[in-house]
Amino acid sequence: MASMRDIKRRRDSIQSTGQITKAMKLVSTVKLQKAKGKAENTKPYFDLMYETVSSMLAKSGNINHKYLKAGDSTKKAVIMITGNRGLAGGYNSNITKLITNGDIPKEDVVLYTIGSKGRDTLARKNYTIAKDYSEVIEEPMYSDAKVICEDVLNAFAEGEVGEIYLAYTSFKNTVVHEPQLIKLLPIEADAKESSDADMAPMNYEPEEDEALNLIIPKYMCSLIYGGLIEAVASENGARMQAMDNATSNAEDMISDLSLKYNRARQAAITQELTEIVAGANAIE
């Protein structure tokens, strides 16, 4: 059995850790409330934008436009959104697993990383990282999404990549966060199932090239910004859960160690009494 000093030292250490995890849980809870409101307000627009543009392009027929046809390159640009900090359970690792365990070959992946955790993990696995925007995840703004969008669309238009994907964590509610990998460009004609009545030809005013040059970048920016907002809410939700579990585990360990400490203390007192009685008997 461990000594009373060792048990007390370990119990004090776990108590200190428990206080830290409890404080981190409170901080994450406050941040989650703010991020949750933004995510819930953004998500309907995020989802509707994706569905509307997918439906619109599916009805447009074979338009010869730089953003609507896969390039000759086999490279796939993946905009990967993770966090800059850990202690959030499987939040960061779930996104990296989407890529490492996905169908896209490692040599074809070109990463545009948002968040140092995902960047560092895949850099160690020798994935190609084109650009990093890790500071963006601290306080995402639409202007940040626009910069990322422009960089990725330029790479697509210039033939450096043939497809564009977004890897992020979808925020369902406080405790449910789902990692997703969605294809942004190009959008195939069968991207959205439609009935014959819905498949009326799409007419553009002004000309389709001019219209799509305006629509596609806005579509991309909206999806990237929506992904950033949902990722922030998911990260804080995951960290709150992780810190809550850690605090509960610390309390269980402290209770167990307190019991062991009391037993060790009782054993020590009993031993001292036994020695005193034995010494008294020896004197008599």
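What follows draws every value from the coordinates through simple rules; no lab data is involved. Computed from a predicted model, the values in this text were never measured in an experiment. Cβ atoms come from the backbone with ideal geometry, glycine included; neighbour counts cover every protein chain shown.
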Protection proxy ranking of 216-224, 131-139, 92-100 - average other beta-carbon atoms within 10 Å, highest first: 216-224, 92-100, 131-139
Charge-dipole axis of the chain as Lys and Arg at +1 and Asp and Glu at -1 on Cβ define it, positive-most pick from ALA77, GLY162, SER55: ALA77
Of the DSSP H helices in the chain, those whose Cα atoms cover at least 20 Å axially and whose Kyte score averages 0.5 or more: none
Footprinting exposure proxy for MET80, MET243 (fewest neighbouring C-beta atoms within 10 Å first): MET243, MET80
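Past 31 Å, Cα to Cα, is the threshold; run LYS38/LYS117; LYS36/LYS75; LYS31/LYS75; LYS8/LYS125; LYS75/LYS218; LYS146/LYS172 against it and keep the listed order.
Values: LYS38/LYS117 23 Å; LYS36/LYS75 35 Å; LYS31/LYS75 37 Å; LYS8/LYS125 42 Å; LYS75/LYS218 23 Å; LYS146/LYS172 25 Å.
LYS36/LYS75; LYS31/LYS75; LYS8/LYS125, as the Cα separations exceed 31 Å there.
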Student exercise, segment 43-241 dipole from Lys, Arg, Asp, Glu Cβ charges, in Debye to nearest 20: 960
Neighbour-count order for ARG265, ARG10, fewest beta carbons within 10 angstrom listed first: ARG265, ARG10
Length-normalised contact order for the chain - Cα pairs under 8 Å, 6+ apart - percent: 33
Option label - P(r) over Cα pairs in 5 Å bins from 0, in percent computed here, alternatives (1) 1, 5, 10, 13, 13, 12, 10, 7, 6, 4, 4, 3, 3, 2, 2, 2, 1, 1, 1, 1, 0, 0, 0; (2) 1, 5, 12, 15, 17, 18, 15, 10, 5, 1, 0, 0; (3) 1, 5, 11, 14, 16, 15, 13, 10, 7, 4, 2, 1, 0, 0, 0: (1)
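Hey, got a sec? Which chymotrypsin sites (Phe, Trp or Tyr not before Pro) in segment 137-174 land in a DSSP loop and have at most 11 other Cβ atoms within 10 Å?
On the way: sites: TYR142, PHE156, TYR165, TYR168, PHE171; in loops: none.
Answer in residue order: no site qualifies.
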Residue-count net charge about CYS149 - beta-carbon cut-off 13 Å; Lys, Arg +1, Asp, Glu -1: 0
Among beta bridges that DSSP assigns inside segment 43-241, antiparallel share in %, nearest 5: 35
